[in-house]
Number of protein chains: 2
Amino acid sequence: MSTAHRPRITRASRPLTFEVEAINERGEALATPIAGETPLTIYVDKREIVTLMTLGQAPEALAIGYLRNQRLVRSVDEIAEVQVDWETASVAVTTRRAIRGLKERMKKRTVTTGCGQGTVFGDLMEEIDAITLREDVAMSEETLYALLDAVRRHESIYRSAGAVHGCALANPRAGILTFVEDVGRHNAVDAIAGRMWLDGIDGSDKIFYTTGRLTSEMVIKSAQMRIPFLVSRSGLTQMGYEIAKRVGITMIGRAVNKHYLLFTGKRRFVKRIGATLLA
Amino acid sequence: MSTAHRPRITRASRPLTFEVEAINERGEALATPIAGETPLTIYVDKREIVTLMTLGQAPEALAIGYLRNQRLVRSVDEIAEVQVDWETASVAVTTRRAIRGLKERMKKRTVTTGCGQGTVFGDLMEEIDAITLREDVAMSEETLYALLDAVRRHESIYRSAGAVHGCALANPRAGILTFVEDVGRHNAVDAIAGRMWLDGIDGSDKIFYTTGRLTSEMVIKSAQMRIPFLVSRSGLTQMGYEIAKRVGITMIGRAVNKHYLLFTGKRRFVKRIGATLLA
């Protein structure tokens, strides 16, 4: 993958927490860390696409991942440059060749979903049926526990300030490859998608972890990245469950410490590597 | 308020939880309740507006509140009828007189914010500066504790299935007026806004409670409803804090049991009614 195209990008991470004063129930004034949140407007070839509210930890990956998950850009090869400028709260994406039909693709964006009103739904269900996830991969309980432990060590903003969601992309053998926190779980997953494109990472044997709930949109995005394993600390919704079953993703919810609930795709989950499959 | 216009509405609440089988860490198959999630497409005078993913507890109020918070409809008086049909997963809103400039208003919707990519931001900041919240109202610590206790008793879906956010509108003297749970905190706050219009409730002396994080969008929506008190179980973000300070809302975060952090608008919060103000 060393020969893959890499866009030129800035590395413009913002300060992630700020301190403000709050008064607690004992009347004490406490310096309290809160999570950053700032608008970031994405432009593609000078055309305004969207304004996201973000923590600002990985703005370049977020912009690319947003364009990827909204299917406004079809391949990282289309992107020449990604320049974040916090002074103007903007990220300028320059393509190598003007994207044809960008206007039409933008019309297809639907304000929907999961967090209530997130993004992309429309004709995604049709796409979902065309996705086949790898069946020759397995995750063990031991790997799951190691992942949960690693996530705990990564969560810096959440631990100090709360009010953020974290997402991780992990390799069953090598641990966490990327960990992103953001004020919204949609942004966190988009940033992971962007990072995968930037680093040329194939999702087909990876684990996607999120602190957020497993709604329809989360399952759809994981499937679009061809990731067969989806793990969450939180619960799931009916549509998240139904889509996960339909696409055959291995989905685990309520995963904290040594507890978890395995909902779908049970065939890829094993108690121990070498053991017989669970179900 | 008995003379106020009331639209004709259906009362089409859906089943809110479903049971699926999950396997836990001890290998036991458990019947596990999960939260409902279903698409609901809003039409205004047969024009498609948006598809939301919702729990479906209060679809009529959600539709009206979405149109209100997106400022697509300016007054409940404009609405003649709200008809939910789960067979087609749609809600048909009929106006009394065709809304002028609906197309232009729709263009102003921005996909943004808080949950990552929620809704409405654009020129909202200008509007915020025009808002004045009442200063002749106060909330006591006792009222706050009573509210937290009442919320705990209301949270039915959250308790059984998780994966939902709850919002409540409360009267400092009379307790909770409306409690809505939904798969997204944006939907829950929109449903409260719709309910306020339907029931002719004025927000200017009310408390808005949310289980969700206090991001910019939550503070903006509360201010738009003229609500002076905003309480959350969760934390807050930098922009949520800055907007709350700017508009002078009394904002309390991390409110659980007998704990809380008072961040802004301290002048309206008192230890006991009759006591001197805290700050």
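Computed from the coordinates by the stated procedures, all read-outs in this text should not be read as laboratory data. Keep in mind that what you see is a predicted model, and the values were worked out from it rather than measured. A quick note on method: Cβ atoms are made from the backbone with ideal geometry, for glycine too, and the neighbour counts reach across all protein chains shown.
Structure values in brief
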| item | result |
| --- | --- |
| At 1.002 mPa s and 20 °C, Stokes diffusion of region B:172-245 via Kirkwood alpha-carbon radius, µm² per second | 171 µm²/s |
| Long-range HN-HN contacts of residue B:264 with modeled amide H, under 5 Å | B:251 |
| Among the listed pairs A:46/B:46; A:206/A:245; A:221/B:258; B:206/B:245; A:46/B:245; A:103/B:245, those beyond 28 Å (Cα-Cα) | A:46/B:46; A:221/B:258; A:46/B:245; A:103/B:245 |
| Taking B:260, B:209 and counting other C-beta atoms within 10 Å, the order from fewest to most | B:260, B:209 |
| Spacing of the two label points (7 Å from each Cα toward its C-beta) at residue A:30 and residue B:257, in nm | 1.3 nm |
| Copy-to-copy label separations for residue B:15, where each label sits 7 Å from Cα toward Cβ, in nm and ascending | 5.2 |
| Cα gyration tensor, region A:125-279 - rounded (a/c under 1.5), prolate or oblate | rounded |
| Fraction of beta bridges assigned by DSSP in the protein assembly as shown that are antiparallel (%, nearest 5) | 70 percent |
| Label point 7 Å beyond Cα along the C-beta direction, distances from residue B:105 to other copies (nm, shortest first) | 3.2 |
| Karplus-derived HN-Hα couplings along region A:176-181 (A = 6.51, B = -1.76, C = 1.60, θ = phi - 60°), whole Hz, x at Gly and Pro | 6, 8, 9, 9, 10, 10 |
| Inter-chain Cβ neighbour average for residues A:16-29, partner chain, 10 Å | 5 |
| Amide H within-cut-off set for residue A:270, under 5 Å, with H built and near neighbours excluded | A:139, A:140, A:141 |
| Amide H contacts of residue A:57 (H built 1.01 Å from N, under 5 Å, at least 5 apart or other chain) | A:14 |
| Reciprocal mean inverse distance between Cα atoms of the protein assembly as shown - Kirkwood radius, Å | 24.0 Å |
| HN-Hα J in Hz across region A:161-169 - Karplus 6.51, -1.76, 1.60, θ = phi - 60°, x for Gly and Pro | 10, x, 6, 10, 10, x, 9, 9, 10 |
| For residue B:248, net neighbour charge (Lys/Arg +1, Asp/Glu -1) across residues whose Cβ lies under 14 Å away | +3 |
| Prolate/oblate/rounded label for chain B (Cα gyration tensor, a/c 1.5) | oblate |
| Cα centroid of region A:67-109 to Cα centroid of region B:1-46, whole Å | 35 Å |
| For region A:74-86, Karplus couplings with θ = phi - 60° (6.51, -1.76, 1.60), whole Hz, Gly/Pro x | 8, 8, 5, 5, 6, 9, 8, 8, 9, 10, 8, 10, 5 |
| Copies compared at residue A:77 - label distances in nm, ascending, label defined 7 Å from Cα in the Cβ direction | 6.0 |
| Order by protection proxy (mean Cβ within 10 Å, highest first), peptides B:253-259, B:61-67 | B:61-67, B:253-259 |
| Other protein chain Cβ atoms within 10 Å, averaged over every residue that makes up B:32-43 | 5 |
| Shielding by partners, peptide B:163-172 (average Cβ within 10 angstrom, other chains) | 2 |
| Calculated [θ] (222 nm, deg cm²/dmol) that DSSP helices of n ≥ 4 give over the protein assembly as shown, each run adding -39,500 (n - 2.57) | -8000 deg cm²/dmol |
